[in-house]
Amino acid sequence: MILFKRSNELRNYLDSKRKQGQKLGFVPTMGALHGGHISLIAGSKKDGNLCISSIFINPTQFNDPADFKKYPVTLEKDIVILEASGCDVLFLPSVEEIYPGGTNTAIHYDLGSLETILEGHYRPGHFQGVCMVVHRLLDIVRPDNLYIGQKDYQQCMVIKKLVGLIGMTEMIDVNISPTLREPDGLAMSSRN
Ligand code: PAF
């Protein structure tokens, strides 16, 4: 597995792979990886992609700073898991790399009622933050296939909408993979 911290270096590498005819499959994460993430990597590999994953704990999607502070960080373990699962490329950017102009941008994604219902009601601004980071990551990686988990169903709908809003519908297939569960039925999650 090759690790990149700089977006321009990752872009150049992926451009060369694209020119060689490789399809790119992308699994964005915030780390603290579990079986659900591994199944997304496995799906990407099964579809014949060069598999790229990212680990970035995105500050703009935490409406509660205390929640951001306590989000689990297990980087060394995550790298071992990604390597074992056959991930080809890991993108590990800094906050400056993702938000070169700072995190307070005027950009607003018109998500309609999708961002105010259900989880959006309890976490104002959360889905705008998800859109900010996913938009930036998609611009850098420009994947053919994006893999996300059905566990976060509302997030899946938001990301599908985002892909349309940023004009990438023709380019990217959004693949939604089934929720993986612990033996007691609890959905696997980084926060468990
Ligand atoms: O589901 C997550 O882990 C995050 O919300 C995502 C999609 C990686 C964006 O930060």
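The values are calculated or read from the model by the stated rules, or taken from the named source; none is laboratory data. All values derive from a computational prediction rather than experimental measurement. Cβ sites come from the backbone with ideal geometry, for glycine too, and all protein chains shown count toward neighbours. Please note that ligands, DNA and RNA were not included when accessible areas were found on the heavy atoms of the full protein model with its side chains. Shrake-Rupley method; radii C 1.70, N 1.55, O 1.52, S 1.80 Å.
Here are the numbers for the structure shown:
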quantity	calculated
Among residues of the stretch 167-192, those that are outside any loop (DSSP other than H, G, I, E, B) and touching a Ser or Thr at 6+ places or on another chain (Cβ under 9 Å), counted	3
Test result for L162, open to solvent by less than 10 Å² (accessible area, probe 1.4 Å), within 14 Å of the ligand (Cβ to nearest atom), touching a His at 6+ places or on another chain (Cβ under 8 Å) and in a helix (DSSP H, G or I)	yes
Residue check for L40: within 26 Å of K19 (Cβ to Cβ), open to solvent by 20 Å² or more (accessible area, probe 1.4 Å) and under 13 Å from the mean Cα position of the chain (by Cα)	no
Candidate set from the stretch 125-150 (those that are of a type in the set (G, A, S) and farther than 24 Å from K23 by Cα); member that is farthest from the ligand (Cβ to nearest atom)	G125
Inter-residue pairs, beta-carbon under 8 Å, first at positive phi and in the stretch 14-32, second open to solvent by 60 Å² or more (accessible area, probe 1.4 Å), 6+ apart	G31/V73; G31/L75; A32/V73; A32/R191
Residue in the stretch 3-26 that is farthest from the ligand (Cβ to nearest atom), counting only those that are open to solvent by less than 70 Å² (accessible area, probe 1.4 Å) and out of contact with any Pro (no Cβ under 9 Å at 6 or more places or on another chain)	G21
Qualifying residues in the stretch 165-192 (those that are away from the ligand (no atom under 11 Å from the Cβ) and of a type in the set (S, T, Y)) - the one surrounded by the most Cβ atoms within 10 Å (Cβ to Cβ)	S177
Where a residue in the stretch 44-62 is at pLDDT 95 or above and its partner, wherever it lies, is within 14 Å of the ligand (Cβ to nearest atom) and in a loop (DSSP other than H, G, I, E, B), with Cβ under 6 Å and at least six apart	I55/G31; I55/L92; F56/P93; I57/M30; I57/Y71; T60/T103
Selection status of R181, at pLDDT below 95 and not aromatic (F, W, Y)	no
Out of Y109, Y153, Y122, Y99, sole residue that is more than 11 Å from the ligand (Cβ to nearest atom), exposed (fewer than 11 other Cβ atoms within 10 Å of the Cβ) and modelled with pLDDT of 95 or more	Y122
